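Some notes on the structure that comes next.
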Amino acid sequence: MIIFVGIVKEEAVENKTINKKGIIAIIAFFALVFITVTIIYLIKTIPRHGTVEVTIKYAPFSSTVKLGDKTLKNNDVNYIKPGEYELTASLDGFETITQTVTINEATTLYGSLVPNTKEGEDTYNKNTRDYKSIEEYYANELIKQGIEDRNNWPIIKKLPFKNTLFSLGYVIQDNNIIISVNATETYLNNAISKLISFNKEGDLLKYEIQYKKFTNPFLNNFKSNSSSDPLTFLTTGYSGVSKEHSFKAGGYLDNKNYYYATATTGNASHYNLVSYKVLLKKSGNSWKLISAPQPIITTKNAPDVSEDILKTVNGL
């Protein structure tokens, strides 16, 4: 019995030693893994310090994309230091894209190269999947731009508008909105009234307004004169306008530095009556025409006139 117990104790000590060695081996293994992962992480992250994540997608993805002299990975993530760069995307058989980009946060830069040779067209046809994969970026950009446009120019939330008598629309040129009024003389006043009804957020005076199907008879038809009376100044200045017209007194503004009036052409019984707004500014003992009579005078016609004065002139 004594010998048996001694053997059991010896085996227990041996097992305990083995367990300790196993635990030490496991700890060492995980320590090695941790150290390895840490080293890999540091190797990857240290060079990225001070950079931002930029995804590059220029179709076809075999295109060479460069920021300055540095070639980037196309259809992949790159780490770029913030700044302004000259970007080029090129591939034989395609038009080269050149653009200035400013990088200050994580973003995606994308584009579609256009083939300009038969070989380029063949490459395009073989890589249509590349082009389709970036369509969502273009779609999202259009949605984002549409939201920004509506925030910047609230009136376009109501446009375009069309009925059987006239239509109202807009175009964006050089980051500016141009409102188009498509109406004949018969319905121009109706179109202007509808446009004014869209002026809920008070931004109508910011826009250039162009008229289609209608010619303003007052444009380039003013003859200079030195009359001190504002209505006489207008009637004398536009005496050469052949179209039936008249001027109606309005009033003085800004301590009599400005004078506004209303002009009309046509005849209501002939269904061609058109109303215009007129604004004059005092000039010595006479007056200066701020703008030719217009259905609406905006800051584009009168850039140096305050909006408060223009609101009064336009009856807003």
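Summary of computed values
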| item | result |
| --- | --- |
| Residue within the range 241-249 that is at pLDDT below 90 and farther than 20 Å from residue 183 by Cβ present | yes |
| Boolean, residue 272 is closer than 22 Å to residue 202 by Cα, of a type outside the set (A, V, I, L, M, F, W, C) and surrounded by 13 or more Cβ atoms within 10 Å (Cβ to Cβ) | no |
| Odd one out for residue 218 among (1) modelled with pLDDT under 90; (2) within 38 Å of the chain's Cα centre (by Cα); (3) more than 25 Å from residue 156 (Cα to Cα); (4) not acidic (Asp, Glu) | (1) |
| Unmet requirement for residue 136, which otherwise passes all of (1) under 21 Å from residue 53 (Cα atoms); (2) surrounded by 13 or more Cβ atoms within 10 Å (Cβ to Cβ) | (2) |
| Options 300, 311, 281: the member that is within 38 Å of the chain's Cα centre (by Cα), part of a strand (DSSP E or B) and of a type in the set (Lys, Arg) | 281 |
| Filter result (surrounded by 14 or more Cβ atoms within 10 Å (Cβ to Cβ) and acidic (Asp, Glu)) within the range 211-259 | 254 |
| Selection within the range 164-185 - of a type outside the set (Val, Ile, Thr), at pLDDT 85 or above and under 17 Å from the mean Cα position of the chain (by Cα) | 170 |
| Filter result (touching a residue at least 60 places away in the same chain (Cβ under 8 Å) and outside any strand (DSSP E or B)) within the range 284-296 | 295, 296 |
| Residue match in the range 154-163 (condition: assigned by TED's automatic domain parsing to the domain that holds residue 291, buried (at least 19 other Cβ atoms within 10 Å of the Cβ), at pLDDT 90 or above and of a type outside the set (S, T, N, Q)) | no |
| Pairs with Cβ under 6 Å, 6+ apart, first in the range 222-233 and farther than 15 Å from residue 247 by Cα, second in a loop (DSSP other than H, G, I, E, B) and modelled with pLDDT under 95 | 228/285 |
| In the range 191-209, residue nearest to residue 308 (Cα to Cα) [restricted to those that are surrounded by 14 or more Cβ atoms within 10 Å (Cβ to Cβ), within 24 Å of the chain's Cα centre (by Cα) and without any contact (Cβ under 8 Å) to a residue 60 or more places away in the chain] | 203 |
| Close pairs (8 angstrom Cβ cut-off, 6 or more residues apart or separate chains): farther than 20 Å from residue 300 by Cα in the range 154-180, among the charged types (D, E, K, R) and loosely packed, with under 14 Cβ neighbours inside 10 Å anywhere | 157/150 |
| Hits in the range 105-132 (condition: touching a residue at least 24 places away in the same chain (Cβ under 8 Å) and either within 19 Å of residue 87 (Cβ to Cβ) or touching a helix residue (DSSP H, G or I) at 6+ places or on another chain (Cβ under 7 Å) (or both)) | 105, 106, 107, 108, 109, 110, 111, 112, 113, 130, 131 |
| Selected residue (only one of 33, 52, 65, 77 is at pLDDT below 90, under 27 Å from the mean Cα position of the chain (by Cα) and either outside the structural domain of residue 103 (by TED's automatic domain parsing) or under 30 Å from residue 132 (Cα atoms) (or both)) | 52 |
| Test: residue 229 is over 40 Å from the mean Cα position of the chain (by Cα), assigned by TED's automatic domain parsing to the domain that holds residue 196, farther than 28 Å from residue 191 by Cα and among the charged types (D, E, K, R) | yes |
| Members of the range 205-228 found to be touching a helix residue (DSSP H, G or I) at 6+ places or on another chain (Cβ under 6 Å) and of a type outside the set (Phe, Trp, Tyr), listed by number | 205, 223, 225, 227 |
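Yes or no, residue by residue, for (1) within 25 Å of residue 178 (Cα to Cα); (2) among the small types (Gly, Ala, Ser):
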| residue | (1), (2) |
| --- | --- |
| 232 | no, no |
| 235 | no, no |
| 251 | no, yes |
| 262 | yes, no |
| 268 | no, yes |
| 284 | no, yes |
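The values are calculated or read from the model by the stated rules, or taken from the named source; none is laboratory data. As the structure is a prediction and not an experimental result, all values here were calculated from the model. We place every Cβ from the backbone using ideal geometry, glycine too, and count neighbours over all the protein chains shown.
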